[in-house]
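The values are calculated or read from the model by the stated rules, or taken from the named source; none is laboratory data. No experiment lies behind these values; they were computed from the predicted model shown. Reconstructed Cβ throughout: ideal geometry from the backbone, glycine too, with neighbour counts over all protein chains shown. Calculation scope for accessible area: heavy atoms of the full protein, side chains included, ligands and nucleic acids excluded. Shrake-Rupley method; radii C 1.70, N 1.55, O 1.52, S 1.80 Å.
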Amino acid sequence: MEFIAQNMAPIMFASLVIFLLIGYPVAFSLAANGLLFFFIGVLVSPYSGGSINLAWPLLHALPDNFYGTRVMSNDTLLAIPFFTFMGIVLERSGMAEDLLDTIGQLFGPIRGGLAYAVVFVGALLAATTGVVAASVIAMGLISLPIMLRYGYDRRVASGVIAASGTLAQIIPPSLVLIVLADQLGRSVGDMYAGALIPGLVLTGLYMLYILVMSIVRPNSMPALPLEARTLGHGVISLLVALAVTGAISYAAYRYLAPNHGDNADILGFAIGVVVIYVVAIADQRLGLNLMSKLAQQVVIVLIPPLALIFLVLGTIFLGIATPTEGGAMGAVGALIMAAMKGRLTMDVVNQALASTTRLSAFVLFILIGARVFSLTFYGVNGHIWVEHLLISLPGGETGFLIGVNILVFVLAFFLDFFELAFIIVPLLAPAADKLGIDLIWFGVLLGVNMQTSFMHPPFGFALFYLRSVAARVPYLDRITGKQIAPVTTGQIYWGAAPFVLIQVIMIGLTIAFPQMVMRYKGNAVEPSTIDLKLPDMPSLSPLGTPPADNGAAPANGGAPAAPGTPDLSQPPSFGDAPAKPAPAPDLSQPPKFN
């Protein structure tokens with residue numbers, strides 16, 4: 001009994017791992033484990049030597065944990081259904097199909113052009129949907145048949161699609177960043193600002209890998225043939241359109257700068273984009289032939305999602321809206337975009353609402369189970385056990401970061417990112433904070449690491465999503481009429497392996513260059529450069545010296561005192577003669593009352 005009481009925390013954690021490996025649902029495993037060990041902890045607490053602080057009245061704290069600010073009244077988590085609804089509506093609106101077709105033809109003439117297009121569109125979808133499943137399934141349905149049609153290596157095609165879909169994990173408005181911010185007790189806006197540069201760097205690394213592969217193995221990713229480029233040529237027209245947009249934006253900025261200050265650049269850019277979008281629409285509808293067909297399509301397809309990204313992320317970064325408000329505006333914007341494309345139907349809305357409800361309930365139940373588990377785990381001083389275990393790792397802060405990332409990477413083989421965020425992160429955060437690690441940087445680092453949970457077996461959900469839409473049997477291509485071989489599960493797994501390695505490299509870069517994340521704090525202020533200037537004050541004579549009269553220099557050689565300057569060396573006078581002091585009473589005689 002004493003052994004159990006003294007080691008309750010590690011036994012409780014090991015039991016949870018066993019429950020999860022057996023296959024019990026995460027939410028119920030957490031709650032059942034917490035209640036079971038609460039009962040055991042109350043019974044063995046007399047043998048613990050004071051290390052267990054559990055009693056039956058402590059269960060009364062559960063309702064407050066459920067309905068308080070941690071779960072049901074948590075405004076931060078309210079952003080999750082908004083962003084989920086926005087992503088599903090956009091996926092149903094056909095935005096991904098239009099983007100992939102247009103960007104694919106834009107990059108089509110170069111080797112690996114379709115792969116570049118998939119990564120580029122994956123980053124755009126990540127910045128608008130924030131949902132991995134929607135991105136992977138959409139690109140798997142649209143891009144994979146085209147890549148196989150034109151001779152792409154199956155492993156390369158599968159890996160690019162699965163990896164670009166996981167960008168929704170780290171590029172704002174990612175759902176996992178919302179959960180991490182909540183669990184770390186930090187601002188979602190700061191988490192978004194910190195994750196933006198690492199997300200873009202990771203996108204660049206994916207494109208660099210495609211470039212290297214196109215040089216080393218050019219036959220694995222051929223260029224699109226001429227007959228497949230239905231939009232024709234017109235890159236020069238697109239570059240001219242971009243130059244005109246830049247000129248209009250700059251002119252608008254110079255015009256607005258005197259009255260709008262710091263916001264003039266954003267307003268000027270918005271005016272330039274709106275003008276070129278209106279010109280492209282007019283050119284397409286009226287046949288003015290001002291732009292090439294390719295330039296028209298790129299402008300018309302790209303600007304609406306970019307406008308939605310600015311509506312959501314721009315307002316959050318500028319401090320105009322909270323993440324919850326930004327998510328609400330994004331949901332409304334997604335409905336407007338679907339309506340503009342003529343694809344907003346009750347069926348689309350019903351599907352989006354049903355998927356949003358399922359995901360929100362999934363998150364909520366895991367969070368409730370985590371609150372039950374943490375109540376008992378903290379009662380047996382489990383947080384202290386974990387903190388001492390992590391802080392004692394060799395290497396100080398660097399050793400802690402390396403050890404924690406190895407732990408999360410291994411656990412990601414068995415747990416998805418929601419489970420890692422609700423179970424593991426609350427245990428790691430106190431130790432990181434005690435070591436002086438910035439929790440936003442720590443959260444972004446964990447977010448990059450958790451991406452691997454989508455990419456490696458046995459529970460790589462991005463691989464499962466792609467497997468569900470990839471061809472399992474040979475089929476006839478509807479364009480070429482040729483028989484296309486299926487994509488095997490092994491090809492999907494091997495295709496994902498290089499991108500898992502790239503994500504591990506990105507973890508190392510984030511540790512080595514923390515300023516990629518720390519820029520969320522803005523520019524640091526050097527104290528030595530601060531110059532305090534006080535307003536001019538009338539010169540006063542120093543205390544204890546007579547005032548300077550008639551412009552004479554004061555005793556200390558300072559500036560002459562202004563006429564009428566009070567003499568601070570004397571007591572203040574209020575214009576009346578001072579009252580005579582009352583005579584002291586004669587205490588040797590008895591008092592008289594008449």
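Going by the structure shown, is ALA193 at pLDDT 85 or above, assigned to a helix (DSSP H, G or I) and either of a type in the set (Asp, Glu) or buried (at least 24 other Cβ atoms within 10 Å of the Cβ) (or both)? Spell out how you get there, then give the answer.
Numbers: at pLDDT 85 or above: yes; assigned to a helix (DSSP H, G or I): yes; either of a type in the set (Asp, Glu) or buried (at least 24 other Cβ atoms within 10 Å of the Cβ) (or both): no.
Criteria not met by ALA193.
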When region 312-329 is examined, which residues are found to be open to solvent by less than 20 Å² (accessible area, probe 1.4 Å) and among the hydrophobic types (A, V, I, L, M, F, W, C)? VAL312, LEU313, ILE316, ALA321
So VAL160 passes all but one of these: (1) closer than 28 Å to ALA328 by Cα; (2) of a type in the set (A, V, I, L, M); (3) open to solvent by less than 20 Å² (accessible area, probe 1.4 Å); (4) in a helix (DSSP H, G or I). Which condition number does it fail? (1)
Inside region 19-57, can you point out the residues that are farther than 16 Å from ALA370 by Cα, open to solvent by 60 Å² or more (accessible area, probe 1.4 Å) and either assigned to a helix (DSSP H, G or I) or touching a strand residue (DSSP E or B) at 6+ places or on another chain (Cβ under 8 Å) (or both)? LEU21, ILE22, PHE39, LEU43, PRO46, TYR47, TRP56, PRO57
I'd like to verify a number: residues in region 350-364 that are open to solvent by less than 30 Å² (accessible area, probe 1.4 Å) and over 24 Å from PHE422 (Cα atoms), how many? 1
Just give me the residues in region 108-126 being within 17 Å of LEU208 (Cβ to Cβ) and open to solvent by 10 Å² or more (accessible area, probe 1.4 Å), in sequence order. ILE110, ARG111, LEU114, TYR116, PHE120, ALA123
Failed condition for VAL201, given (1) under 30 Å from ALA421 (Cβ atoms); (2) free of Cβ contacts under 8 Å to residues at least 40 places away in the same chain; (3) surrounded by 15 or more Cβ atoms within 10 Å (Cβ to Cβ): (2)
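Listed here are the residues, each with its yes/no results for (1) out of contact with any helix residue (DSSP H, G or I) (no Cβ under 6 Å at 6 or more places or on another chain); (2) among the β-branched types (Val, Ile, Thr); (3) assigned to a helix (DSSP H, G or I).
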site	(1), (2), (3)
TYR378	yes, no, yes
TRP385	no, no, yes
LEU390	no, no, yes
LEU401	no, no, yes
LEU407	yes, no, yes
PHE414	yes, no, no
PRO426	no, no, yes
Pairs under 7 Å by beta carbon, first residue among the β-branched types (Val, Ile, Thr) in region 233-259, partner open to solvent by 60 Å² or more (accessible area, probe 1.4 Å), six or more apart or different chains? ILE248/ILE271
Does any residue of region 282-291 turn out to be closer than 21 Å to GLY326 by Cβ and either among the polar types (S, T, N, Q) or open to solvent by 60 Å² or more (accessible area, probe 1.4 Å) (or both)? no
Taking LEU466 and the conditions (1) exposed (fewer than 15 other Cβ atoms within 10 Å of the Cβ); (2) closer than 30 Å to GLY447 by Cα, which numbered condition does it fall short on, given that it satisfies the others? (1)
When you go through (1) surrounded by 12 or more Cβ atoms within 10 Å (Cβ to Cβ); (2) under 15 Å from GLY382 (Cα atoms) one by one for ALA14, which number turns out not to apply? (1)
From the set of residues in region 271-298 that are among the small types (Gly, Ala, Ser) and without any contact (Cβ under 8 Å) to a residue 24 or more places away in the chain, which is nearest to TYR253 (Cα to Cα)? ALA282
Please identify the pairs in which a residue from region 327-351 that is more than 20 Å from ALA127 (Cα to Cα) has its Cβ atom under 6 Å from the Cβ atom of a residue that is open to solvent by less than 80 Å² (accessible area, probe 1.4 Å) and in a helix (DSSP H, G or I), counting only partners at least 6 apart or on another chain. LEU344/ALA338
Quick one: in region 86-107, of everything that is buried (at least 21 other Cβ atoms within 10 Å of the Cβ) and among the small types (Gly, Ala, Ser), which residue is farthest from the chain's Cα centre (by Cα)? GLY104
Find the helices (runs of 4 or more DSSP H) located wholly in region 259-354 whose residues include 3 or more that are more than 20 Å from THR245 (Cβ to Cβ) and within 23 Å of the chain's Cα centre (by Cα), and list them. 323-340
In region 21-52, the residues that are among the polar types (S, T, N, Q) and modelled with pLDDT of 75 or more: SER29, ASN33, SER45
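Being in a helix (DSSP H, G or I) and either open to solvent by 50 Å² or more (accessible area, probe 1.4 Å) or touching a helix residue (DSSP H, G or I) at 6+ places or on another chain (Cβ under 6 Å) (or both) is the filter; apply it to region 469-497 and report the residue that is farthest from VAL410 (Cα to Cα).
The initial filter retains those residues of region 469-497 that are in a helix (DSSP H, G or I), namely 469, 489-497.
After this cut, where a residue has to be either open to solvent by 50 Å² or more (accessible area, probe 1.4 Å) or touching a helix residue (DSSP H, G or I) at 6+ places or on another chain (Cβ under 6 Å) (or both) as well, the list is 469, 489, 491-496.
Details: VAL469: 28, THR489: 22, GLN491: 22, ILE492: 20, TYR493: 17, TRP494: 18, GLY495: 20, ALA496: 17 Å.
Ranking the candidates gives VAL469 first.
Consider ILE423 carefully, then state whether it is at pLDDT below 85, more than 30 Å from LEU200 (Cα to Cα) and hydrophobic (A, V, I, L, M, F, W, C).
Considered against the rule, which asks whether it is at pLDDT below 85, more than 30 Å from LEU200 (Cα to Cα) and hydrophobic (A, V, I, L, M, F, W, C), ILE423 comes out as no.
On the given criteria, is ILE336 open to solvent by less than 50 Å² (accessible area, probe 1.4 Å), within 30 Å of THR230 (Cα to Cα), at pLDDT 85 or above and not polar (S, T, N, Q)? Spell out how you get there, then give the answer.
Values: open to solvent by less than 50 Å² (accessible area, probe 1.4 Å): no; within 30 Å of THR230 (Cα to Cα): yes; at pLDDT 85 or above: yes; not polar (S, T, N, Q): yes.
So ILE336 fails the test.
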Inside region 395-438, the number of residues satisfying the requirement of being surrounded by fewer than 21 Cβ atoms within 10 Å (Cβ to Cβ), under 15 Å from PRO514 (Cα atoms) and among the hydrophobic types (A, V, I, L, M, F, W, C) is 2
Single condition PRO394 does not satisfy, out of (1) assigned to a helix (DSSP H, G or I); (2) within 26 Å of MET8 (Cα to Cα): (1)
